[in-house]
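J.: Before I ask anything, here is the structure I am working with.
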Protein chains: 2
Amino acid sequence: MGTELKITDLRSATCCKPLVDEALTEESAAGLARSFKALGDPIRLRLLSMIAARAGGEVCVCDLTDAFEVKGPTISHHLRVLREAGLIDCERRGTWVYYWVIPAALTPLSQLLDTSALTATI
Amino acid sequence: MGTELKITDLRSATCCKPLVDEALTEESAAGLARSFKALGDPIRLRLLSMIAARAGGEVCVCDLTDAFEVKGPTISHHLRVLREAGLIDCERRGTWVYYWVIPAALTPLSQLLDTSALTATI
């Protein structure tokens, strides 16, 4: 799985301090809010989870559209929003487009919402 | 800090498997997307971070409004969205309302976006 996964920008990974450690700057909040907004839709969240959970690290768009009742163009729109938010990337190979997640984009969001420092003191 | 923190619903904490482990169900995605949507605004994200980072565990609304250029009613609206999403709670004491975060609501979101299982295999 790991060797097949494409990590397009692992070097640009920035680690966020948890919210409970330090209040966000206005600039950081703007960038992070864009990512959370992209996650704030049930279809996009399911698409992201289907891509992230795929052994092998990538998913053909043909395997994504069948899982939803909405039409292909709607799925394409949501995939584009996730891609523009930098959470996934894709590549066309022949007829189909293949998608994969960008862990370096998800990790800072996970770290930001980590409350273990808080709950450890209870 | 810990003893002063109000944990209103720690018992209802549900731990999410990371996206990279398992695709979300439609039902789970709907609930989680609501939370992410609440985080998808820079002012709300900054408010949440200011509340979460406060030593003592809670913040007077009077200390939140001064940090923003927008008016009080706008801040109140964003605080209400965060509260309705279950991410924060509040209590009125005399003139002021005091806010605190609900770690049990943030933790599942953090766990969901945890990609350490993925990056560990690279």
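Every number in this text was worked out from the coordinates using simple rules, so none of it is lab data. What you are looking at is a predicted structure, and each value in this text was computed from that prediction instead of being measured. All Cβ positions, even for glycine, are placed from backbone atoms using ideal geometry, and neighbour counts span all protein chains on display.
J.: Using only atoms on other chains, find how many Cβ atoms lie within 10 Å of each Cβ of peptide A:101-113 and report the average.
T.: 6
J.: Taking the Cβ of B:Phe36 as the centre, find all other residues whose Cβ is under 10 Å away and add up their charges (Lys, Arg: +1; Asp, Glu: -1).
T.: Net local charge, B:Phe36 excluded: +3.
J.: Same structure again: Under the convention of a label 7 Å out along Cα→Cβ, give the distances in nm from A:Ala55 to the same position in every other copy, shortest first.
T.: In nanometres, ordered from closest: 5.0.
J.: Between B:Ala30 and B:Lys71, what FRET efficiency comes out of the Förster formula 1/(1 + (r/R0)^6) with R0 = 30 Å and r the beta carbon distance, rounded to 0.05?
T.: With a Förster radius of 30 Å, E is 0.40.
J.: List every residue whose amide H lies under 5 Å from the amide H of B:Ile88, counting only residues 5 or more places away in sequence or on a different chain, with H placed 1.01 Å from N in the peptide plane.
T.: Answer set, sorted by chain and number: B:Arg83, B:Ile102.
J.: If you average the C-alpha positions of segment A:52-122 and of segment B:39-107 separately, how far apart do those two centres end up, in angstrom?
T.: Centre-to-centre (Cα) distance: 29 Å.
J.: Here's a follow-up. Highest first, please rank the peptides A:104-116, A:54-66 by the mean number of other Cβ atoms sitting within 10 Å of their residues.
T.: Sorting A:104-116, A:54-66 by mean packing, highest first, produces A:104-116, A:54-66.
J.: Hey, another quick one. Restricting to Cα pairs below 8 Å that are 6+ residues apart, what does the relative contact order work out to for segment B:24-122? Please round to a whole percent.
T.: 27
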